[in-house]
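Reviewing the structure listed below.
The values are calculated or read from the model by the stated rules, or taken from the named source; none is laboratory data. Small disclaimer: the values here were computed from a predicted structure and weren't measured. Cβ coordinates were reconstructed from backbone atoms using ideal geometry, including for glycine residues, and neighbour counts include every protein chain displayed.
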């Protein structure tokens, strides 16, 4: 899911004019397909049938079912009882845990996503200099992103232990580290630390974007007497805003769907301090068999994700720079 | 500007050099690496490396150290035998976990490669009324989060009697997924169509063109798709958690979590063996990534040609 949206952004953009052209071209021969054309069309439908069947059976069908289930009370053992919007009302007004999970997820996304981008940007900018052993540093920073999430969670249980390496590190600078995973105040920051370990993927993407910036810009800036800081903000940053934007959208969607880390490390505890929307949904559905309520939560999550994505797109006009628009 | 996916593109060798050959080449100010640059990079690399080395250190520590939770970041014990005892000492079928992971990941990859190559080819090459509308639908489906369909899908598979089998984790792969279809379509669109036209003149049918002409040229993107599906299925936790409940069926990712949760409050999980399992979960991913790096780059180009900037 995470990769998907970014491609859609681009594809939708690319699709626009092409579709318009296609429509015009289609119009002329449309009324009657030749025999050849009919065979070709038949083969088209035959070839896309795997997707079509999957779309109807695993996506469209379940989506419609999900809307209906969200309007019922259903444990899958007894027949569903239609309750209208009760589940939504219950989530929004009657269930403090839902609001807490939403707030926690928001807290997590609001810090982990910008933090990941900032660290990625910072490291990419360092690696973009003429460093000896760049390949080595890049590998070291990228390696953590190859570790499956379950293994990451396992090792972070140890990293975040009261006498673990993170607190040892904090001890070096004279700070007494908290009991990360058991302290309601620190459990969300702990999950954010875990997410920051994956900053390598943003780093590598941003680095490759930085490599594509023409050298002439920097030469000109140097002649004009701009310092490194000024050059970063006036050349590097605007040139890579599309990649930053892409990472922002992907990161937001991923962060709102956080599940495995929470499930393995904290189970939402202590005291729901790390309960997030998807773990809540999972518990409701597969722990308590409240399928109706869980489906309503899924749709509410969808609305939240779409809302934040739309918001990001809206602001993007102000800060994301596409070179082709200038030409 | 090339596009962005999870795949890290390969960086060109030497940025920051002003144009000019040999002696006239010089480093621009913005690209000068100072000792501070090196210091920061070294510290960051070390910090990023700590969890990895800790994983290895714990995996090599003795049962006693493990029981006391007395781990060190730098390995001091070297109990390589943990790598064999993990299969017997936990009372869990760890070998089976690995086998299950291999089966699920491999069959998912096979399914995705087969189905998305067919569907992507059709979208790239064949003409039919309604095709463009269909493609927009394909793109639109990428926006639907998995949580929406998760519950009805579970109920459907439960109805089919597929719970606690591999089927719910594998079968959907054989119906392709929108992103992979999109990748194949972009890739095939960039292959000149003269060859298929010539083959058509020679009397080859649409399936023959797909099978003999286009499929052999698609393998770079299909390799990328295989790698992505493989890594995704290998690391997937939520799917197996929903569908599998007997130890015999669990893949390694779920089995590891099971290993830590089955021990009661009186005894700690066997952390050294859990970390051996974590290494077994991680190493194949590093190997696959290393071998497949250049194909992942291919994928970037494919997406890039769609206009993702």
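Being modelled with pLDDT under 90 and assigned by TED's automatic domain parsing to the domain that holds residue B:159 is true for just one of B:211, B:185, B:190. Which residue is that? Give the steps one after another, and end with the answer.
Numbers: B:211 fails: modelled with pLDDT under 90; B:185 fails: modelled with pLDDT under 90.
Of the residues listed, the single one that is modelled with pLDDT under 90 and assigned by TED's automatic domain parsing to the domain that holds residue B:159 is B:190.
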#### Entry: Among (1) assigned to a helix (DSSP H, G or I); (2) modelled with pLDDT of 95 or more - the single one residue A:275 does not satisfy
(1)
#### Entry: Scope the stretch B:86-106; condition surrounded by fewer than 17 Cβ atoms within 10 Å (Cβ to Cβ) and assigned to a helix (DSSP H, G or I); matching residues
B:95, B:99, B:102, B:103, B:106
### Query
In the stretch B:189-197, is there at least one residue being over 17 Å from residue A:50 (Cα atoms), within 7 Å of chain A (Cβ to nearest Cβ) and either in contact with a strand residue (DSSP E or B) (Cβ under 8 Å, 6 or more places away or on another chain) or surrounded by fewer than 16 Cβ atoms within 10 Å (Cβ to Cβ) (or both)?
no
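Conditions (1) in a helix (DSSP H, G or I); (2) within 25 Å of the chain's Cα centre (by Cα); (3) surrounded by 15 or more Cβ atoms within 10 Å (Cβ to Cβ); (4) more than 12 Å from every other protein chain (Cβ to nearest Cβ), marked per residue:
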| residue | (1), (2), (3), (4) |
| --- | --- |
| B:156 | yes, no, yes, no |
| B:165 | no, yes, yes, yes |
| B:168 | yes, yes, yes, no |
| B:172 | yes, yes, yes, no |
| B:179 | yes, yes, yes, no |
| B:207 | yes, no, no, no |
### Query
Restricted to the stretch A:206-242, and to residues that are touching a helix residue (DSSP H, G or I) at 6+ places or on another chain (Cβ under 6 Å) and at the interface with chain B (Cβ under 7 Å from one of its Cβ atoms), which residue is farthest from residue A:146 (Cα to Cα)?
A:222
### Message
Taking the criterion of being in contact with a strand residue (DSSP E or B) (Cβ under 8 Å, 6 or more places away or on another chain) and in a helix (DSSP H, G or I), would at least one residue in the stretch A:75-92 satisfy it?
### Response
yes
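For the stretch A:132-141, enumerate the residues that are surrounded by fewer than 20 Cβ atoms within 10 Å (Cβ to Cβ) and within 25 Å of the chain's Cα centre (by Cα). Talk me through it step by step, then tell me what you get.
Keep residues of the stretch A:132-141 that are surrounded by fewer than 20 Cβ atoms within 10 Å (Cβ to Cβ), which gives A:132-133, A:135-136, A:139.
Within the stretch A:132-141, just A:139 meets the criteria.
Answer yes or no: is there a residue in the stretch B:4-14 that is assigned to a loop (DSSP other than H, G, I, E, B), more than 30 Å from residue A:120 (Cβ to Cβ) and either outside the structural domain of residue B:247 (by TED's automatic domain parsing) or modelled with pLDDT of 90 or more (or both).
no
Just checking, how many residues over the stretch B:56-77 are assigned to a helix (DSSP H, G or I) and farther than 14 Å from residue B:278 by Cβ? Even if it seems obvious, please write down each step before you answer.
Applying the first criterion (assigned to a helix (DSSP H, G or I)) to the stretch B:56-77 yields B:56-59, B:63-68.
Okay, now just the ones that are also farther than 14 Å from residue B:278 by Cβ, so B:63-65, B:67-68.
Residues flagged as assigned to a helix (DSSP H, G or I) and farther than 14 Å from residue B:278 by Cβ within the stretch B:56-77 amount to 5.
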### Message
Need the failing condition index for residue B:224 against (1) surrounded by fewer than 21 Cβ atoms within 10 Å (Cβ to Cβ); (2) touching a helix residue (DSSP H, G or I) at 6+ places or on another chain (Cβ under 9 Å); (3) farther than 30 Å from residue A:157 by Cα; (4) within 12 Å of chain A (Cβ to nearest Cβ), just the number.
### Response
(1)
### Message
Out of the residues in the stretch B:41-59 meeting the condition of being buried (at least 21 other Cβ atoms within 10 Å of the Cβ) and farther than 19 Å from residue A:145 by Cβ, tell me which one is nearest to the other protein chains (Cβ to nearest Cβ).
### Response
B:58
